[in-house]
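The values are calculated or read from the model by the stated rules, or taken from the named source; none is laboratory data. Since this is a predicted model, take the numbers as computed values, not measurements. Quick reminder, even Gly has a Cβ in these numbers, built from the backbone with ideal geometry, and neighbours come from all protein chains shown. Only protein heavy atoms, including side chains, enter the accessible area calculation; ligands, DNA and RNA are left aside. Shrake-Rupley method; radii C 1.70, N 1.55, O 1.52, S 1.80 Å.
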Amino acid sequence: MIHINIDPRIVKSCPETRIGLIRATVVNGPTSDELWAEIEAAAQEIRDQYELLAINQRPGIAATRRLYKSLGKDPSRYRVASEALCRRIIRGLGIYRLTTLIDVVNLVSIKSGYPISGLDGDRIVGDTLTMDVGTANDVYNGIGRGLLNIEGMPVYRDASGPIATPTSDEERTKFTEATTTAQININAFGPEMPLEQAVEWTATLLKRYAHATHVETAIHVPNQID
């Protein structure tokens, strides 16, 4: 299991921070009809439960927005990924059907409210990820977004640089159909779905839809031993 370090500035701003970790050997590919049906059902629940202006009050989303504000980032301009997904659903814009790994992450994010980092474990440099605060000097290519200003965002870094934020993951470590090692980090900056449940469910989905083996799970609590 990869090691996680979290900058004291993030822990001070958000003492409830906990990270759910799942690592597995997987087979990626087109999303099955069964997985897509689960996503459509989750999307319908969001449409039934929330108005557009209420979605940012979901506990997992609201906590991440508060962290952004405390670090100097405008969460309405740089939306949390789970919030952006739910807003698309409520606005009737739909969500894209992509690959199994991406859609498993999206399903868990929609249901849990947590922004989730889905990373190709074989493209991570080193055995440690450090979550600190983005700077103006960071060069960051968000997936499908081009250059993204991550100054003031919580950001994961590997030995070569920044690879994931709660707004968008980086192109360098994104899931592709060639991905065989999934590293999934569930970023819980405030409680919504019980994190242990979210981790267990993610592992179950990976086994069901991505033929996952060698599945490892953990929950990182800052300043404590996992």
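Residue-by-condition table, conditions (1) in contact with a helix residue (DSSP H, G or I) (Cβ under 9 Å, 6 or more places away or on another chain); (2) open to solvent by 40 Å² or more (accessible area, probe 1.4 Å); (3) closer than 24 Å to residue 28 by Cβ:
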position: 67; (1), (2), (3): yes, no, no
position: 96; (1), (2), (3): yes, yes, yes
position: 103; (1), (2), (3): yes, no, yes
position: 111; (1), (2), (3): yes, yes, yes
position: 118; (1), (2), (3): yes, no, yes
position: 135; (1), (2), (3): no, yes, no
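Look at (1) under 13 Å from residue 23 (Cα atoms); (2) touching a residue at least 60 places away in the same chain (Cβ under 8 Å); (3) open to solvent by 10 Å² or more (accessible area, probe 1.4 Å); (4) within 16 Å of the chain's Cα centre (by Cα) and you find that residue 216 fails only one, number (4). Taking residue 30, is it open to solvent by 40 Å² or more (accessible area, probe 1.4 Å) and in contact with an Asp or Glu (Cβ under 8 Å, 6 or more places away or on another chain)? No; evaluated as a whole, the condition is false for this residue.
Counting the residues of segment 204-213 that are of a type outside the set (Ser, Thr, Tyr) and surrounded by fewer than 20 Cβ atoms within 10 Å (Cβ to Cβ) gives 3.
If only one of 79, 88, 9, 23 is more than 23 Å from residue 197 (Cβ to Cβ), under 16 Å from the mean Cα position of the chain (by Cα) and open to solvent by 40 Å² or more (accessible area, probe 1.4 Å), which one is it?
79
Determine, yes or no, whether residue 118 is over 12 Å from the mean Cα position of the chain (by Cα) and of a type in the set (Gly, Ala, Ser). So residue 118 does not fit the description; no.
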